[in-house]
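Heads up: the structure comes next, in structure tokens.
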Amino acid sequence: MNTKIVLDENRIPKQWYNIIPDMPGPLAPVISPRTLQPVTPDEMLAIFPMSLIEQEMSTQRWIDIPDEVREIYKLWRPSPLFRAHRLEKALGTPARIYYKYEGGSPAGSHKPNTAIPQAYYNKQAGTKRIATETGAGQWGSSMALACQIYGLECTVYMVKVSFGQKPYRKSMMQLWGAEVLASPSDRTNAGRSILAKDPNSNGSLGIAISEAVEDAATRSDTCYALGSVLNHVCLHQTIIGLEAKEQLAMAGDYPDVVIGCHGGGSNFAGIGFPFAADKASGRDVRIVAMEPTSCPTLTKGVYAFDYGDTAQMAPISKMFTLGHDFMPPGIHAGGLRYHGSSPLVSQLVHAGVVEARAVPQIACFEAAVQFARSEGIIPAPESSHAIRGAIDEALLAREEGKERVILFNLSGHGHVDMAAYDAYFSGQLEDYEYPEAAIAESLKHLPKVSL
Ligand SMILES: *Cc1c(COP(=O)(O)O)cnc(C)c1O
């Protein structure tokens, strides 16, 4: 039995899987934050190329991956599927554990799977420049890479506190030719008005989104790009699950449970949606999204219309949300801090197709360390939530004395996140209680959409 199950380059999928035609019921409309009415294509065209807007709403089940994109995907795809022999042994479990490893991309995570096609479609549409935001820098570095490959300029508004604390991802973006600005910046009205009130503002993802959207909306040569949440982002990521299915078939296996960590939902959608398709046609497979207890969007949020960002500039979607002004507790080390969730993932959770579980961060770091000590790879703190989920399933299988096939997505490596491991080993990490009061407060501020 092999440890790595690898596909040849010519077996990179030729199409992405679009789950929209297989959703349990119609999609809720996306609402304009200005009019509180459904967004018009014109509003979207100010910041996205037509081809991506079409993908966002497409009802076609299979969407061709352009050859030029498959060519770039070859730099790291097909990604390997690993059988976790050594982890299984360490756990003494009868379960068979497989993981799909997305950390081999140049940026070290799954994010280039969508950054590359987004840059490609922008280039095709004549876009000269991309404006985007980044928190810790994973998305900004992936977009910088993609823009470098397709000869686009790239400006990244990086949350100021991360700009100072995470200099290595800033350097990665600069290495790939991007301009990186600490947000709030003096480049936009949104940034200047924050700085006027508070010159020492640390910034936030919401402010950075507002700056990037304003930049794109006010320049005709510039479009905006988002690294998660949106339907077309989930679509591009399905290449993960499609490859995994082929690889599992080569190993003669099929999963009982498929697990991914969940921030905005893109890597989870990537591993999960192709299996959700099987489930829709009657196959028995559980699909589980793992999130942090400190930002429990799917397990403690409400399914309602809410703004995509704190500044109420981004469109309003029906999704699980903790409220757009929810601030997760300060030093949570594992990312996954978005207040909302992909509308597609949310609808699947609401319909009971997908399960969600929240886990505290120390238990995630314990799982990450156990994984690294048996399998070698140092996981991204985000990915450790999926590992926790997989180990718990394997331990349950041991208790029940049952075989079980577990597949999880290892969304990225943690080489640029060693400060979080440092905090863990020096005992500085703590678990947060479920922030009930903060969530109750922010849920009072949902927009009043009447449709
Ligand atoms: C960005 C990121 C995530 C979370 O984003 P999703 O859209 O929920 O996938 C998870 N893992 C890694 C390694 C990331 O970089």
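The values are calculated or read from the model by the stated rules, or taken from the named source; none is laboratory data. Since we're looking at a predicted model, the values are computed, not measured. Cβ sites come from the backbone with ideal geometry, for glycine too, and all protein chains shown count toward neighbours. SASA here: full protein model, heavy atoms, side chains in, ligands and nucleic acids out. Shrake-Rupley method; radii C 1.70, N 1.55, O 1.52, S 1.80 Å.
Give, in nm to one decimal, the length gained when the segment between Ser58 and Gln37 is fully stretched (0.36 nm per residue of separation minus the Cα-Cα distance). Working shown, then result.
Numbers: separation 21, 0.36 × 21 = 7.56 nm, distance 2.04 nm.
Here the segment from Ser58 to Gln37 would lengthen by 5.5 nm.
If a/c stays under 1.5 just call it rounded; otherwise compare a/b with b/c (prolate if a/b is bigger, oblate if not). Do that for the stretch 335-451, with a ≥ b ≥ c from the square roots of the Cα gyration tensor eigenvalues. Here the stretch 335-451 falls in the oblate category. Per the 1.4 Å probe, what fraction of the accessible area of the chain, in percent, lies on carbon and sulfur atoms? Reported share for carbon and sulfur atoms: 52 percent. With the whole protein complex present, Thr3 retains an accessible surface near 70 Å², based on a 1.4 Å probe.
Ignoring lysines fewer than eight residues from Lys197 along the same chain, the ones with Cα atoms less than 19 angstrom from its Cα are Lys160. In the stretch 358-451, what trypsin sites (Lys or Arg not before Pro) fall in a loop by DSSP, with at most 12 other Cβ atoms inside 10 Å? Passing both the DSSP loop test and the Cβ count: Lys402, Lys448. The stretch 36-50 and the stretch 97-124 have their alpha-carbon centroids 25 Å apart. A helix-only calculation puts the chain at -12000 deg cm²/dmol for mean residue ellipticity at 222 nm, using -39500 (n - 2.57) for each DSSP H run of at least four residues, averaged over all residues. Taking Cβ atoms as reference points and 15 Å as the exclusive limit, the residues near Ser32 contribute a net charge of -2, counting Lys and Arg as +1 and Asp and Glu as -1.
Lys and Arg at +1, Asp and Glu at -1: add these up for the other residues within a Cβ distance under 12 Å of Arg11 and post the number.
Details: positive: Lys14, Arg70, Lys74, Arg77, Lys245; negative: Asp8, Glu9, Glu243, Glu246.
Net of charged neighbours comes to +1.
At the residue level, Tyr17 shows approximately 0 square angstrom of accessible surface with a 1.4 angstrom probe and all protein chains present.
Among residues other than Lys89 with Cβ under 13 Å from its Cβ, the summed charge is +3 (Lys and Arg +1, Asp and Glu -1).
Please compute the volume of the convex hull spanned by the alpha-carbon atoms of the chain and report it per residue in Å³.
Taking only Cα atoms, the chain has a hull volume of 134 Å³ per residue.
Which order do Asp278, Asp284 take when ranked by solvent-accessible area (1.4 Å probe, heavy atoms of all protein chains), largest first?
I get Asp284, Asp278, largest accessible area first.
Take Phe48: with every protein chain present and a 1.4 Å probe, its accessible area is about 20 Å². Cross-link partners of Lys448 among lysines, defined as those whose alpha carbon lies under 25 angstrom from its own and excluding same-chain residues fewer than eight positions apart: Lys300, Lys318.
Taking the chain, the Cys residues with no second Cys beta-carbon under 4.7 angstrom are Cys223, Cys234, Cys261, Cys295, Cys364.
Could you tell me the calculated FRET efficiency between Glu430 and Val302, based on Cβ-Cβ distance and R0 = 35 angstrom, to the nearest 0.05? Could you put the intermediate results ahead of the total?
Details: r = 27 Å, r/R0 = 0.77.
Step by step, r from the Cβ atoms, then E = 0.85.
Cross-link reach is defined here as a Cα-Cα straight distance under 18 Å, omitting same-chain residues fewer than 8 places apart; for Lys74 the aspartates and glutamates meeting it are Asp8, Glu9, Asp64, Glu102, Glu243, Glu246. Multiplying the residue separation of Glu366 and Gln174 by 0.36 nm and subtracting their alpha-carbon distance yields 65.8 nm. Using a cut-off of 22 Å between Cα atoms, the listed pairs Lys245/Lys279; Lys100/Lys279; Lys111/Lys170; Lys123/Lys166; Lys111/Lys444 include Lys123/Lys166; Lys111/Lys444 as exceeding that distance.
How high is the FRET efficiency from Leu195 to Leu27, r the C-beta distance, R0 51 Å, rounded to 0.05?
Numbers: r = 38 Å, r/R0 = 0.75.
Plugging the Cβ-Cβ distance into 1/(1 + (r/R0)^6) gives 0.85.
Work out the FRET efficiency for Met50 and Trp76 from their Cβ-Cβ distance, taking R0 = 25 Å, and round it to the nearest 0.05.
Working: r = 28 Å, r/R0 = 1.14.
Once rounded, the FRET efficiency stands at 0.30.
Which of the trypsin sites (Lys or Arg not before Pro) found in the stretch 77-170 are in a DSSP loop and have at most 16 neighbouring Cβ atoms, other than their own, within 10 Å?
Values: sites: Arg83, Arg86, Lys89, Arg96, Lys100, Lys123, Lys128, Arg129, Lys160, Arg169, Lys170; in loops: Lys128.
For trypsin sites (Lys or Arg not before Pro) across the stretch 77-170 that sit outside H, G, I, E and B with at most 16 neighbouring Cβ atoms in 10 Å, the list reads Lys128.
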